[in-house]
Amino acid sequence: VYWANMRKIEQRVREGAGLLVYVNITDGGGANAGGWNKEMQPWGIQILQASIRDQARRIEPWTVYGAEMYYSWTENLVKHPVTDRLKRIYWPSVNMRWDDCYAAPPLICDKTWTPLVKAMPGATLARQIDDRWMDDPQPKDDPVLCATRQVGKGRMAVLSIHPWYTHQMGNSKVASKQVGEMSPGVIDGIILNRGDGQVPSDTGMLVSRLYA
């Protein structure tokens with residue numbers, strides 16, 4: 001059934017539909033990252049099991065497992081109909097659980113993909129080791145958070161931001177920074193539309209446009 005459904009989805013995209021693929025590696029960390037990469041390898045896109053972090057553009061910091069988590073923002077948007085008139089995208093620089101459940105890992109794209117949203121210059125890739133963050137080898141280009149490509153007459157897009165922060169729990173008012181085993185922080189629309197209280201977030205609008 002799964003593969004039959006996947007073939008139908010691909011057919012619809014090739015006929016002109018839009019498809020948005022999220023990255024979600026919670027409840028499994030590395031195992032889910034490997035599964036995601038296996039599924040997406042034929043389409044020329046992969047993820048690294050790491051967090052995109054920007055100390056110079058962080059808001060709402062909190063501590064989990066002795067390590068600092070926060071939300072980051074970027075205005076490094078590539079000119080494209082999807083990003084037209086969008087200004088600032090926020091994302092979670094968060095490890096949601098002890099087993100490397102990063103909430104917005106970097107996208108590694110081949111030449112068929114057009115990056116739409118990148119972190120600002122100076123952002124780094126890092127992994128949490130116990131109570132500290134350790135930098136990964138850094139990419140030559142700014143880390144990618146969102147990308148798109150043509151598939152036949154349609155379009156496929158990938159957003160690395162975990163769906164809890166957008167369409168699943170984007171406006172959750174849960175005050176606790178802990179949800180079950182996960183540590184997403186206080187969600188409360190910060191990523192979706194509220195931003196830092198001064199500059200709103202266009203992440204929700206980005207998501208809406210990626211479906212088209």
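Every number in this text was worked out from the coordinates using simple rules, so none of it is lab data. Since we're looking at a predicted model, the values are computed, not measured. Every residue, glycine among them, receives a Cβ derived from its backbone with ideal geometry; neighbour counts consider all protein chains shown.
Details
- Distance violations [Cα-Cα > 27 Å] among LYS8/LYS118; LYS38/LYS87; LYS140/LYS173; LYS38/LYS153: LYS8/LYS118; LYS38/LYS87; LYS140/LYS173
- For Cα extents along the principal axes in Å, calculated from these coordinates, the label among (i) 46, 37, 33; (ii) 66, 35, 31; (iii) 48, 37, 37: (iii)
- Ranked by how many other beta carbons lie within 10 Å on average, peptides 114-127, 89-102 from highest: 89-102, 114-127
- Qualifying aspartates and glutamates (Cα of each under 16 Å from Cα of LYS177; at least 8 residues distant if same chain): GLU60, GLU68, ASP188
- Computed lengthening from GLU75 to ASN171, 0.36 nm per intervening residue step minus Cα-Cα distance: 32.3 nm
- Relative contact order (%) - criterion: Cα under 8 Å, at least six apart; region: the range 7-166: 32 percent
- About its Cα centre, the dipole of the range 36-113 is roughly 300 debye, where the only charges are +1 on Lys and Arg Cβ and -1 on Asp and Glu Cβ.
- Shape category assigned to the range 22-127 from the gyration tensor of Cα positions, a/c cut at 1.5: oblate
- Of the residues LEU192, TRP164, VAL151, the one whose Cα sits farthest towards the positive end of the charge dipole of the range 120-212 is VAL151 (charges of +1 on Lys and Arg Cβ, -1 on Asp and Glu Cβ, taken about the Cα centre).
- Between the range 41-71 and the range 136-200, the alpha-carbon center distance in angstrom: 10 Å
- Under-5 Å amide H pairs with VAL151, H placed in peptide plane, nonlocal only: MET156
- Neighbourhood charge, 11 Å Cβ-Cβ cut-off, centred on ARG209 and excluding it, Lys, Arg +1 and Asp, Glu -1: 0
- Only the Cβ atoms of Lys and Arg (+1) and of Asp and Glu (-1) were treated as charged; on that basis the dipole of the chain about its Cα centre amounts to roughly 900 debye.
- Over the range 5-88, relative contact order from alpha-carbon pairs under 8 Å, at least 6 apart, %: 14 percent
- Taking Lys and Arg as +1 and Asp and Glu as -1, the other residues whose beta-carbon sits under 13 Å from that of ILE59 total 0.
- Shape category assigned to the range 79-198 from the gyration tensor of Cα positions, a/c cut at 1.5: oblate
- The reciprocal of the average 1/r between distinct C-alpha atoms defines the Kirkwood hydrodynamic radius, which for the range 123-177 equals 14.7 Å.
- Magnitude of the charge dipole, the range 1-86, Cβ model with Lys/Arg +1 and Asp/Glu -1, debye to 20: 280 debye
- Mean separation of Cα pairs under 8 Å and 6 or more residues apart, divided by the residue count, gives the range 88-212 a relative contact order of 26 percent.
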